[in-house]
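What follows is calculated from the coordinates using simple rules that are stated; it is not laboratory data. In this text the structure is predicted, and so the values were computed from the model without any measurement. For neighbour counting, all protein chains shown are included, and Cβ atoms are generated from backbone atoms with ideal geometry for every residue, glycine included.
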Amino acid sequence: MVSIHLRPPEANDRLLPGHWEGDLIIGAGNRSAVGTLVCRKTLFVMLVKMDGATALHALKGYEQAFSPLDATLRKTLTYDQGKEMALHKKLAESTGLKIYFADPHSPWQRGICENINGLIRQYLPKGLDLSTITDQELQQIERALNTRPRRILGFRTPQEALDAYCREHLDGVAPLTC
């Protein structure tokens, strides 16, 4: 595992999109999960439905979430040291992401993701069986979060921030839309 302390300055300083924080929200009885991914620069959120919280579920779910992104939007992923990331080397290989791990018991090192998880819990409260949540419902939650103006973005939405970057830097590559 590569420490967060070795993460490049452009990720630390939120200079460019493509640097992500990730986490897992566990459902009732640890039987279901939703992966959360948030871009540090644009605050764009992707939610990943998983059948469980194993490393294989996380690998497949995160590979699927990152696959439609242009390579310039797949730079780094910072995660906690949860067992669901045991296959992080395979994820890095298949996506091109460089994966960094926060120190144990240091959620503030992934504060953006922790904040987003708090917002997501307004829609998916603790104790909920996440296996009952449909992909369409997760997309609605993503849409609500990605179209919510943010002060840190100059009151633009995460979707607007990502769209602007893609228009300026990716020569016609269509950004993700909610």
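Computed over neighbours whose Cβ is under 15 Å from that of Leu91, the net charge equals +1, Lys and Arg +1, Asp and Glu -1.
With the helix formula -39500 (n - 2.57) applied to DSSP H stretches of n ≥ 4, the chain reaches a computed 222 nm mean residue ellipticity of -9500 deg cm²/dmol. For the chain, lysine pairs separated by 8 or more sequence positions, or belonging to different chains, with Cα-Cα distances below 16 Å total 11. Glu114 versus Asp171, label points 7 Å from Cα toward the beta carbon: distance in nm? Result: 4.1 nm between the two label points.
Semi-axes of the equivalent ellipsoid for segment 59-178, computed as √(5λ) from the eigenvalues of its C-alpha gyration tensor and ordered from largest down, come to 23, 21, 16 Å. Here the average projected area of the convex hull drawn through the C-alpha atoms of segment 1-89 stands at 5.6 nm².
Highest average first, the peptides 90-98, 55-63 ordered by how many other beta carbon atoms sit within 10 Å of their residues are 55-63, 90-98. So, in Å, what gap is there between the alpha-carbon centers of segment 40-87 and segment 99-178? Segment 40-87 and segment 99-178 have Cα centres separated by 12 Å.
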